[in-house]
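Report on the following structure.
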Amino acid sequence: MDRPILPRWPGCLALALVLGTSGCALGPRLGTSKPAADRVFAADYQAPPARAGNLPGGPPNEQFTLLMERLTAAEDDRKAMQARLFHLDQQLREKDQAIVQASGEVQEATKQIKHTREEIKRWKSDMETLRGKLRHVERENKETLEAIIKTLEKFLDSESTGQP
C-alpha cells in the first residue's frame with residue numbers, strides 16, 4: 001500500500017456531514033424520558049451566545065466546528081473544575097488535620113488544668129494545716145514567754161525585797 005493512512009477525524013467529519021444533511025439527529029430524541037438529574041441539568045444549562053458565522057441551522061461543517069469548540073471549552077472547564085476540586089479537597093484535609101491536632105492540644109491542656117487545680121487544692125489544704133500548726137506553736141511560745149516573764153518578775157521582786 002503506497003497510499004498513506006488518513007487520520008480518522010476526516011472520516012468522522014464526513015459521516016457527520018452526511019448524517020446532518022440527511023436529517024438524522026445525533027443527540028437524544030425529544031419526547032424520550034430522561035433521568036431527573038438530566039432534566040435538572042438541562043433546565044440549568046444556558047447555551048453560550050451564538051457568534052456571527054456559527055449560527056444554529058447553518059451549514060453542517062459550521063455546526064460541527066461550533067460543537068467541537070463547545071466540546072473543547074467544556075473539557076477545559078471540566079479540567080479547571082477538577083483541579084479546583086482537588087485543591088479544595090486538599091485544603092479540607094489540611095483543615096481536618098489541624099482540627100484533630102488542636103483537639104488533642106485542647107484535651108492535653110484540659111488535663112493539665114485539672115491536674116493544676118488538684119495541686120492547688122492540695123497546697124491550700126497543706127497551707128491551712130501549716131497555719132493551724134503555726135498558730136498552735138505561737139500560742140505555746142506566748143504562754144512560755146508569759147511564764148518566763150512571770151518567773152523573772154517574781155525573781156526581781158524577791159531580790160528587791162531581799163528574800164531568796
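Conditions tested, residue by residue: (1) among the hydrophobic types (A, V, I, L, M, F, W, C); (2) over 20 Å from the mean Cα position of the chain (by Cα); (3) surrounded by fewer than 10 Cβ atoms within 10 Å (Cβ to Cβ).
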position	(1), (2), (3)
Pro60	no, yes, no
Leu92	yes, no, no
Gln97	no, no, no
Arg117	no, yes, no
Ile120	yes, yes, no
Ser125	no, yes, no
Arg135	no, yes, no
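Kindly indicate whether Thr151 is under 60 Å from the mean Cα position of the chain (by Cα) and surrounded by 10 or more Cβ atoms within 10 Å (Cβ to Cβ). Answer is no for this residue. In the set (1) free of Cβ contacts under 8 Å to residues at least 12 places away in the same chain; (2) under 60 Å from the mean Cα position of the chain (by Cα), Ala73 fails one condition alone, (1).
May I ask you to say which residue of Thr161, Thr116 is of a type in the set (Ser, Thr, Tyr) and modelled with pLDDT of 95 or more? Explain how you work it out, then say what you get.
On the way: Thr161 fails: modelled with pLDDT of 95 or more.
Just a single option satisfies the conditions, and that option is Thr116.
The values are calculated or read from the model by the stated rules, or taken from the named source; none is laboratory data. Bear in mind the structure is a predicted one, so any value in this text is a computation, not a measurement. Cβ sites come from the backbone with ideal geometry, for glycine too, and all protein chains shown count toward neighbours.
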